[in-house]
Structure formats: C-alpha cells, structure tokens
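Single-structure report; data block below.
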Amino acid sequence: MGLINDILYTNRVGNLAVKSLDFQAQRMLMINSNIANAETPGYKAVDMAPFESKLKEAMRPLAPLVRTDSRHLQGPTDSLDTVMPEAVVSDEPGRIDGNNVNLDKEMINMTQTSTMYQAVITARGKRGQIINEVIDQMR
C-alpha cells in the first residue's frame, strides 16, 4: 500500500483532498463549539473563512509565468502549504445577553460541512480505486 499512499498524497490532487478534509474537520469543531455555547452569555459565533477563496488565493501565481522551453512545467507552483484555516468571528447582532449564535444557521453549516467532507472522502476513495485498477491492469 506504500505506493498507493504515495500516489494519493504526494501530488497536488492528493494534497488538496487532505487540505480540504482538514479544513472541513476544523470547521465542524467550530460549529459544534457554537452549538454548545448557544446559551452562553456574551459568546460570539465563530466560523471559517471560505476554503474556496483561500484556495483560489493560494493557486493564483504571484507573477505571470512564461514558458520558454517545451520541457518546462506550466502553471502555478504548489502553494497549498500556504492555505491555512482562518477563524472569523460573527458580527451579526445578538440577543440581549450578547450571544449571537443562530442555531438554524449552525445546523445548515453543519449539514453543508458534513456533505463536503463526505464528498471529498468519496472522491478520494474513487481515485484510489482507479489507481488500483491501473496497477492491476499493468500486471
């Protein structure tokens, strides 16, 4: 399985999947914290800055790349290491006690996050199946 793990996790797609899973897991922890503190006076809901915008920012090349030789790779360099989750405190108005957790919104966020996590797991599993099939065909 060492070769399969290397293929799955050492290139851009594999790294992206791992980064996405980490992001979704951390967001779920924040959502759970918000729900747990829904009755805590003065508590402010916390969420994550959208992963997609952080990813676009990291994938954008700092300068236009010019391909001077056909053997050169093209496209931005792998900058996924710079994509880090960013906590954002909600500035929505709250109740009289200062708490601004909206349980309906948190449940929607939980469903979205869980769905995205499951989608990445499924895609990663399918990718592994494809790689296994290719290796089996080569035997």
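The values are calculated or read from the model by the stated rules, or taken from the named source; none is laboratory data. Just so it is clear, the model here is predicted, and its values are computed rather than measured. We place every Cβ from the backbone using ideal geometry, glycine too, and count neighbours over all the protein chains shown.
If residue 131 satisfies every condition in (1) more than 25 Å from residue 15 (Cβ to Cβ); (2) surrounded by 12 or more Cβ atoms within 10 Å (Cβ to Cβ); (3) modelled with pLDDT under 75 but one, which is the exception?
Answer for residue 131: the failing condition is (1).
For the range 27-52, name all the residues that are without any contact (Cβ under 8 Å) to a residue 12 or more places away in the chain and part of a loop (DSSP other than H, G, I, E, B).
Of everything in the range 27-52, just one residue is without any contact (Cβ under 8 Å) to a residue 12 or more places away in the chain and part of a loop (DSSP other than H, G, I, E, B), namely 50.
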